Amino acid sequence: MFFYHRTLSHALSITGALIGNFLDGKKEDIIVSTGRILKLLRFELDDTGPVIQTLTSVDTYDIIISLAKFRNKDEARDWIVIAADSGNTTIFNVNAEKMEFESVIYHHFIVQIPKRLPIEHLAVDSQGRAIFSESNLQDKFKDKISRTLPVHHMAVDTKGRAVFIAAMEELKQIWFPFGSGRLLKILEDVDKKTLIYDIAFVDINSENIVIAYLATAYEELHAGLKYEIKKRRKPSLIFANVDSDEVTKIGKMECLDYANSLISVPGERGVLVCAEDSIAFYSMDSSTIIRCSIPKRIMDPKAGVIFVCSTKCSRNLFQNPNQKDESSSFFPSTQNSIYYLAQTEQGDIFRIQLVVNEFGVNEIVLKYFITLPVASALCTFESGFLFVASEFGNHYVYNIADIENRARVHPSFSSALPKGKPFLFMHRSLTITPVAEIQSLSPIMHMEFEPLASMRYRLCLAMGRASLSALKISKVEQDVTYQNRAKIEKERDEIPVRMWIIESTLSISEESEMLIVVSFEDSTSVYSLDGTSEYIMQKIESTPFAEKTNTLGCAKTGEDAIIQVCPKGVCLITDKKNKLIHRTEEKDAIEECAMNKKSLVIAFENKQLKHHEIDKDGRVMKSKIPRRLINGPVTCMLLSDKSESDQLLAVGVSIPPVKTSDSKVMASVNEVHLFNIGLSEIKLLCMLKVENSPYSFLFMNGESNLLSLLVGCEKGRLLTLAVEKTAEAEGTIKHELKISNTETIGSEAVQLLHVPVLTNAEIGYGILAVSNHPWFKESLVGDFFQLKSDISPCICIIPKSENIATILEDQLRIFILEDLQPKLPVTFSLEYTPKKFAVDSYTGNIFIIETDNNSYTEETKEKKEIEFRMHVEAAKSQQRTNLPPLENIPKSWASLLRAINLTGVNAREVFKIPFDQNEAALSLCYFQQGGDDLLLVGVAKGFKIETVCCKEASIYTYKILEDGETISFLHKTEIKSAPLAMCCYDGNVLIGIGRKLALYCVAPESLELKLLCEKKDCVSNSVTAIYPVDRRILVSDSKFGLSYLMYVPSDKSLYLLQEDVFPAEVTAACILRDNKMVRATKSRDIFIVELGTLKDRDMSKVINDDEPPFTLSKEELLGCFHVGEVVTSMQIFNTFPNEPDTVVYTTLSGSIGGLSLLPWEKDAKKFNNLYETMLKLAPIIDKKRNTFPFSPNVWFRSRHYKRKNEIDGDFHDEFLRLKEELPKIEWMKLEEDVTQISTKLERMRRDSMLSFQF
């Protein structure tokens, strides 16, 4: 059993960004890291406007933590340094000719420090408080891989002489990459535990290298499961001189505030220290500290403020050429100033001006610029643009001049101002339109894959944060709905050529409803097809069909008669007998045929057409119409469906090239003939020479009810011919064929079919043309558009249904075409961060709960705005003694329930229900009870995330009315703890309330919730998710493993079967068929397990009455791998019924992935062996190329646990691009397997339709 994993959409959440001259010294480009992907972007102004394009990208198979750049002496290009989660540090540049990254130096740091902390993850917040997460790498599996300490901080000397690398836990390293490549290690404060906040190089205008870093020591931790810091400490700023042999500490300064980051200052022998509520310049030569308070919002003056990101700017961006540069007290000269832009955690961007005189930095001036979404990185172009890599959501480019013009009304705040009251300012909302934008789905909070008021599946994503959040619904990429597929049994490796599906007769089979007649090159096979929704297909071994020859045509005539046309004759199958009604001679074999309910026309190799009549009972009768000569071999034929005496017959003729008497070769002649079959003759109405040989025909009614003929030709050509009638003088009518339209849809022959299309529960018809790919259009006047599905030319319609059948290789696939109008992506903006949503597929309604902390509801906002206006008016009138009292309304939870309908092109809001201030909507459940549509919302008042506690908690019950157009509040059910999870279970509702699981039923008449039973302390912390599996109920704990429970209806009791099941900290999971489950954990791993099964307990040995009547077997690990991102949502999706599930998952970083069980048993092992061979060849490839190494894939997928039964589709795709890198002998060994498996994988991807556009 092997699982195929592939990233469907990579993360677009930018974690780091740099701007520099990476290709040449003229243009500035941007290097960004999005998880493990490294990209080179270019922003430029072209004729159509500003655009951001991706020049190149590479998958590093490692989580990139830090980015830095430097420039060597006498060079015009910048070099890039990245530090990764595995400890790998790479120095590289960009090859402008190949447009790819070239690795220059690749070094893996072996981190060996005395690790005394029993922790897996460690982080420090802005206030110097450490946050710990307990190590979950328990010794449950022998193939466990131990953790390596990641690189947390990196700084690079601007001249490229040294790289300073630090782990958060004590270790500091100095690496000299060029020359000796020497590595120095600093391990200070051995007796104390040290945390490092940030590191930076100090520019001292000399050849010496000086480094600075923020560090602090913390005391011993409490023993037990929870770790807490006993005392809050202010960090120290340490300066150290570095040479090739040792590191000498120059000085150590205690920071005035709780600092969190450092900013290098060029040429001033010091650094800027960003701290809580302040920013200060510390010089290594002086004890004088220049400190400036960070201005605070006037509406929230008590909130703490820190800078989270910054960028250096050119002074030219802030100089007004029309204004004379005059310095004053608080408006210093710009001639000797250094500028930065820095952003706070609230999104406010300030311009930082360091005023420099002959003694150094003597003043810091802050000026409010604008409020933008909180960024992970800021970059400024010399051309005057600002690139904002948002922490969540889309990334933007702004014109700094636009921001500067609007910022002139705001005051400046200087470090020279008297100390005392805090600086206050009025922030303004974002009113500047960005000049360019990069779309991002980060963070994806919840995902559903639903049909939405139709049978077309669409991916719905609740993404974003706060007011920038949105509900995104993908563009429809699936154009067919598969009903089933079945394998075709055949004796030899033959290719199906034609297929007919006809109603069965009693002479063939008394049980099957349909017969499938498949013609191969030299044989014919007959299969039975069950007409139910499952479409079960079986081969009929003994039939009266002529099976040792190919078939040219087949149809049912009458109640119990079937006509089979073969090259050697025409057979009538009835009463379980095959009667040959027309035998051909050896030199007079049948080439083609065409038939309808009234006539049968066959074409012979001797260039003749013969007509047969078909009576009402289905018997084939001899016709009085004589044979008709034609001028060449027939390639295709089609009879019109008219039942009148006159019928139209289209014949395609292709005359092969011949040599003339003078040895010249005449070109082939291709013609389309249109005949009329009358009572006495087959009359030629008209003919038309065409460029390519005709392959298929289709009669259609065009404009003004004029007859048109579609001709599918070789080489992908498609002709639309108009049949024009002209009255002549003798009273006769002249027919003429004229080409009205010519299209090319591929390179192979075109097969045409008139197919049904299901649109809004109504059946319409359209034109399906199949060449290399399938194409569709609704009418003659429309345009063809390509379908994404895989459809072969061997295709037909199933009688008495809207289903279509096609044969691909050895599989029969049955599908429906429905509503093929393009469905564009939809985006609906939300007010708060979305938490959960539920979908009513019938009405197309999406019910979503939105919740934000540290926010105001609309009602509270209006109240605060009124109070503020009253204070402003009172201040203007100087009546300060009569100021109205301010109501102290602290920012807390703000939540609402919203319904969005998507039945048309656009989404519309159906209703919106806000909750009271400080009420957090935490869970949602939509279900049907006795014909009533009910919606449950779990709400907690005064909810605290750290302790999962609240002041009050309740369940709101709503009833959905009028097909989802209105909602009615029913009642409120009080509970004792926060309801973090809800789930339907056998007509009832399971609710996770704190540490207990409760089962509620809905009263039939009053629709009130009534408690049936509950199980206390079923988890150690709190129930975050519920997964019912038949009688078993799995619940997820926020900190520990899952727990198994069981509900016994006879006892009306919940029993705990097992708790704390590996793995712990499950963030998302879904149940597969065949007793399997997929789980994603906070450690960014995905596990596939076989669930434990129930076994009867020997009740005679049971002592305690609380013990359940069943026991649980042990789970089995089927597969695991590292995905590298936190998975937030999972859902199964089935392309074909009764086949292995495909799991679609989304992550916090905005990526979308798919995980499938490989359906082919024989090829699965072969594919896994191929994957293992690729991994072994990766180091050989790495030695032959200068780009990023290929081999870290082995380590990456086994980050915490050894990869098991997982095949990496991302690795496979990239490997196929490296054919020229492999040794010729090795590639010849793999070529056949690679080609064969790649073809199957590509078909599997197209079948799954898991490609999304937003």
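The values are calculated or read from the model by the stated rules, or taken from the named source; none is laboratory data. Values in this document were obtained by computation on a predicted structure and should not be read as measured data. Methodologically, a virtual Cβ is constructed for each residue, glycine included, from the backbone with ideal geometry; neighbour enumeration extends over all protein chains shown.
Within region 362-373, work out how many residues are of a type in the set (Val, Ile, Thr) and modelled with pLDDT of 90 or more. So that I can check it myself, show each step before the final result.
Pass one, region 362-373, residues of a type in the set (Val, Ile, Thr): 364-365, 370-371.
Add one more test, that the residue is modelled with pLDDT of 90 or more, and what stays is 364-365.
Looking only at that region, the number is 2.
Give the residue that is modelled with the highest pLDDT, with candidates limited to residues of region 683-723 that are more than 16 Å from Lys734 (Cα to Cα) and of a type in the set (Val, Ile, Thr).
Filtering region 683-723 down to residues more than 16 Å from Lys734 (Cα to Cα) leaves 689-705, 709-720.
Filter again for of a type in the set (Val, Ile, Thr), leaving 690, 711, 720.
Numbers: Val690: 92, Val711: 95, Thr720: 92.
Per the stated criteria, the residue is Val711.
Filter region 1028-1065 down to the residues that are among the charged types (D, E, K, R), outside any loop (DSSP other than H, G, I, E, B) and touching a residue at least 40 places away in the same chain (Cβ under 8 Å) and list them by number.
Applying the first criterion (among the charged types (D, E, K, R)) to region 1028-1065 yields 1030-1032, 1037, 1039, 1051-1052, 1059-1060, 1065.
Then keep just the ones that are outside any loop (DSSP other than H, G, I, E, B); that gives 1032, 1037, 1059-1060.
Once the filter is applied, which keeps residues that are among the charged types (D, E, K, R), outside any loop (DSSP other than H, G, I, E, B) and touching a residue at least 40 places away in the same chain (Cβ under 8 Å), region 1028-1065 yields Arg1032, Glu1059, Asp1060.
Test of understanding: among Thr48, Thr34, Thr60, Thr54, which residue is under 26 Å from Glu437 (Cβ atoms), at pLDDT below 85 and among the β-branched types (Val, Ile, Thr)?
Values: Thr34 fails: at pLDDT below 85; Thr60 fails: at pLDDT below 85; Thr54 fails: at pLDDT below 85.
Among Thr48, Thr34, Thr60, Thr54, only Thr48 is under 26 Å from Glu437 (Cβ atoms), at pLDDT below 85 and among the β-branched types (Val, Ile, Thr).
Are any residues in region 998-1017 of a type in the set (Lys, Arg) and surrounded by fewer than 17 Cβ atoms within 10 Å (Cβ to Cβ), and if so, which ones? Break it down stepwise before answering.
Going through region 998-1017, the residues of a type in the set (Lys, Arg) turn out to be 1010, 1015-1016.
If the condition is that a residue be of a type in the set (Lys, Arg) and surrounded by fewer than 17 Cβ atoms within 10 Å (Cβ to Cβ), then Lys1010, Lys1016 are the ones that fit.
Select from region 11-60 the residues that are hydroxyl-bearing (Ser, Thr, Tyr) and assigned to a loop (DSSP other than H, G, I, E, B) and write down the one among them that is nearest to Glu1214 (Cα to Cα). Full working, then the answer.
Residues of region 11-60 hydroxyl-bearing (Ser, Thr, Tyr): 13, 15, 33-34, 48, 54, 56-57, 60.
Then keep just the ones that are assigned to a loop (DSSP other than H, G, I, E, B); that gives 13, 15, 48, 60.
Values: Ser13: 22, Thr15: 23, Thr48: 33, Thr60: 11 Å.
Only one residue fits best here, namely Thr60.
Would you mind telling me which numbered condition in (1) more than 23 Å from the chain's Cα centre (by Cα); (2) more than 24 Å from Ile174 (Cβ to Cβ); (3) aliphatic (A, V, I, L, M) Ile105 fails?
Answer for Ile105: the failing condition is (2).
Any chance you could count how many residues in region 450-500 are within 24 Å of Cys1070 (Cα to Cα), part of a strand (DSSP E or B) and modelled with pLDDT of 85 or more?
8
From Ile338, Ile364, Ile403, grab the single residue that is buried (at least 22 other Cβ atoms within 10 Å of the Cβ), touching a residue at least 24 places away in the same chain (Cβ under 8 Å) and either of a type outside the set (Gly, Ala, Ser) or under 24 Å from Val265 (Cβ atoms) (or both).
Working: Ile338 fails: buried (at least 22 other Cβ atoms within 10 Å of the Cβ); Ile403 fails: buried (at least 22 other Cβ atoms within 10 Å of the Cβ).
Going through Ile338, Ile364, Ile403 in turn, just one is buried (at least 22 other Cβ atoms within 10 Å of the Cβ), touching a residue at least 24 places away in the same chain (Cβ under 8 Å) and either of a type outside the set (Gly, Ala, Ser) or under 24 Å from Val265 (Cβ atoms) (or both): Ile364.
Does region 987-1017 hold any residues that are in contact (Cβ under 8 Å) with a residue 40 or more places away in the chain, in a loop (DSSP other than H, G, I, E, B) and acidic (Asp, Glu), and which are they?
Residue satisfying the conditions is Glu1008 alone.
Tally the residues that are at pLDDT below 90 and among the small types (Gly, Ala, Ser), restricting the search to region 1054-1091.
Number satisfying all stated conditions: 2.
Kindly indicate whether Thr833 is of a type in the set (Ser, Thr, Tyr) and farther than 24 Å from Phe392 by Cα. Break it down into steps so the answer makes sense when it comes.
Numbers: of a type in the set (Ser, Thr, Tyr): yes; farther than 24 Å from Phe392 by Cα: no.
When the stated conditions are applied, Thr833 does not pass them.
Taking Val1143 as meeting all but one of (1) among the aliphatic types (A, V, I, L, M); (2) over 15 Å from the mean Cα position of the chain (by Cα); (3) modelled with pLDDT of 90 or more, write down the number of the exception.
(2)
Looking at Ser968, is it in contact with a strand residue (DSSP E or B) (Cβ under 8 Å, 6 or more places away or on another chain), buried (at least 22 other Cβ atoms within 10 Å of the Cβ) and either under 22 Å from Gln928 (Cβ atoms) or hydroxyl-bearing (Ser, Thr, Tyr) (or both)? Don't jump to the end; show me each part of the working.
On the way: in contact with a strand residue (DSSP E or B) (Cβ under 8 Å, 6 or more places away or on another chain): yes; buried (at least 22 other Cβ atoms within 10 Å of the Cβ): no; either under 22 Å from Gln928 (Cβ atoms) or hydroxyl-bearing (Ser, Thr, Tyr) (or both): yes.
Judged against the criteria, Ser968 is not a match.
In region 702-725, what residues are free of Cβ contacts under 8 Å to residues at least 60 places away in the same chain, polar (S, T, N, Q) and closer than 19 Å to Leu649 by Cα?
Selection gives Asn705 alone.
Here are Arg627, Arg583: which of them is surrounded by fewer than 22 Cβ atoms within 10 Å (Cβ to Cβ) and at pLDDT 90 or above? Lay out the reasoning, then the answer.
Values: Arg583 fails: at pLDDT 90 or above.
The conditions single out Arg627.
For region 1157-1174, how many residues are in contact with a strand residue (DSSP E or B) (Cβ under 8 Å, 6 or more places away or on another chain) and either crowded, with 24+ Cβ neighbours inside 10 Å or not polar (S, T, N, Q) (or both)?
Residues meeting the conditions: 4.
Across region 822-861, which residue is nearest to Cys983 (Cα to Cα) among those that are among the small types (Gly, Ala, Ser) and buried (at least 17 other Cβ atoms within 10 Å of the Cβ)?
To start, the set of residues in region 822-861 that are among the small types (Gly, Ala, Ser) comprises 829, 838, 841, 844, 855.
Filter again for buried (at least 17 other Cβ atoms within 10 Å of the Cβ), leaving 838, 844, 855.
Working: Ala838: 11, Gly844: 21, Ser855: 28 Å.
Looking at the filtered set, the residue picked out is Ala838.
Step by step: first the residues of region 258-279, then only those that are among the small types (Gly, Ala, Ser) and surrounded by fewer than 21 Cβ atoms within 10 Å (Cβ to Cβ), then the one that is nearest to the chain's Cα centre (by Cα). Which residue is that?
Within region 258-279, the subset among the small types (Gly, Ala, Ser) is 259, 261, 264, 267, 270, 275, 278.
Those left that are additionally surrounded by fewer than 21 Cβ atoms within 10 Å (Cβ to Cβ): 264, 267.
Numbers: Ser264: 38, Gly267: 46 Å.
Looking at the filtered set, the residue picked out is Ser264.
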